[in-house]
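No lab work stands behind these numbers, since they all come straight from the coordinates. Everything numeric in this text was worked out from a predicted model, so none of it was measured. Don't worry about glycine lacking a Cβ; one is built from the backbone with ideal geometry, like all the others, and counts go over all protein chains shown.
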Amino acid sequence: MQDRHRDGSAGDANYGVIGSGYTRYRQPDPHIAEFIRAALGDARTVLNVGAGAGSYEPVDRRVTAVEPSASMRAQRPEHLPAAIDGTAEQLPFADQSFDAAMATFTVHQWSDLKRGLGEMRRVTRGPVLVLSCDPDLLERSWLHAYAPEMIAVEARRYPAMDAIAAALGGNVEVKAVPIPLNCIDGFGEAYYGRPERMLDPGARLANSAWSFVDASVGERFVVDLGRDLADGSWDRRHGALRTQPFFEGSLRLVIARP
């Protein structure tokens, strides 16, 4: 088994450190959830791999959740099933055990992408869904101008859409998922029209990329963004985003059907 952090986190991010207040900032957004619901079709049994605190798990299906981090498992709400301690690369299930499988905001943290996705395909009869970000499109966000080091880290961590598709095989569709203005799932691009939110240290901590850059990057980001918000520079450059209903950034849903 691959090395794991003290709380069980199995990827490159240590959720025992960064995940303590995760659910305060990362809630499933209804608009994004609808893409997942539609892609699941009529699947009744669903495997959620790298399930975290349970974002985007459907409540009208029988869900089995797998999550290695004890910190994240502890934050799952009572109405969701308890998660199994396990990793994508070694799923403890027989072949074709589930109607569908899903992985949201997690594949970029796996130690072996091909093996993990191969395991998902092995245990799933129907569609396998992966919600992730296209690394080639991360620079669309205004964040790139303020924290290029953080965006560069993200681009290195997120697997290419082609790599995900190749590992899953079958009939693969990649859908753009536009982000709503008041998105309640606080990944970086979710604040495209609410830049003040990114001055909150907790909002940054809930995005794992910030834990991979030197603290000075975050400090400079806060100073530069705070100054530009105060003097109106940010709004002169990006102000239209404050009322733009959706932003088509890097968010993508990969749907692989056998």
- [ ] With a 10 Å radius around each residue's Cβ, average the other Cβ atoms per peptide and rank 235-247, 61-73, highest first.
- [x] 61-73, 235-247
Task: Tilt relative to the chain, helix 148-157 - C-alpha long axis, 0 to 90 degrees, to 10 - done: 10
- [ ] Return the whole-Å distance between the Cα centroid of the stretch 140-201 and the Cα centroid of the stretch 55-84.
- [x] 23
TODO: Please work out, to two decimal places, the log10 of the ratio I(q)/I(0) at q = 0.14, 0.22 Å⁻¹ from a Debye calculation in which every Cα of the stretch 113-244 carries one identical scatterer.
DONE: -0.72, -1.35
Task: Nearest-ten-degree value, helix 30-40 long axis tilted from longest Cα axis of the chain - done: 30
Open item on the list: Considering the Cα positions of the stretch 38-155, please state its Rg to one decimal place and its Dmax as a whole number of Å.
Closed with: 15.4, 47
Open item on the list: If packing is taken as the average count of other Cβ atoms within 10 Å, what order do 48-54, 123-129, 90-96 fall into, highest mean first?
Closed with: 48-54, 123-129, 90-96
Open item on the list: When only alpha-carbon atoms are used, what values of Rg and Dmax, in angstrom, describe the stretch 15-257?
Closed with: 17.9, 59
Open item on the list: Nearest 10 degrees is fine. How inclined is helix 215-231 to the longest principal axis of the chain, computing both from alpha carbons?
Closed with: 50
Task: Label-point gap, in nm, between residue 220 and residue 237 - each point 7 angstrom along Cα→Cβ - done: 1.4
Task: Phi to ³J(HN,Hα) by Karplus 6.51 cos²θ - 1.76 cosθ + 1.60 over the stretch 121-129, Hz, x for Gly, Pro - done: 5, 4, 8, 10, 7, x, x, 10, 10
- [ ] Compare the peptides 219-226, 137-144 by average per-residue count of other Cβ atoms within 10 angstrom and give them in order, highest first.
- [x] 137-144, 219-226
Task: Distant-in-sequence amide H partners of residue 185 (H built 1.01 Å from N, under 5 Å) - done: 27, 29
Open item on the list: Quick check: pseudo-label points 7 Å beyond the Cα along Cα→Cβ at residue 212 and residue 156, how many nm apart are they?
Closed with: 0.7
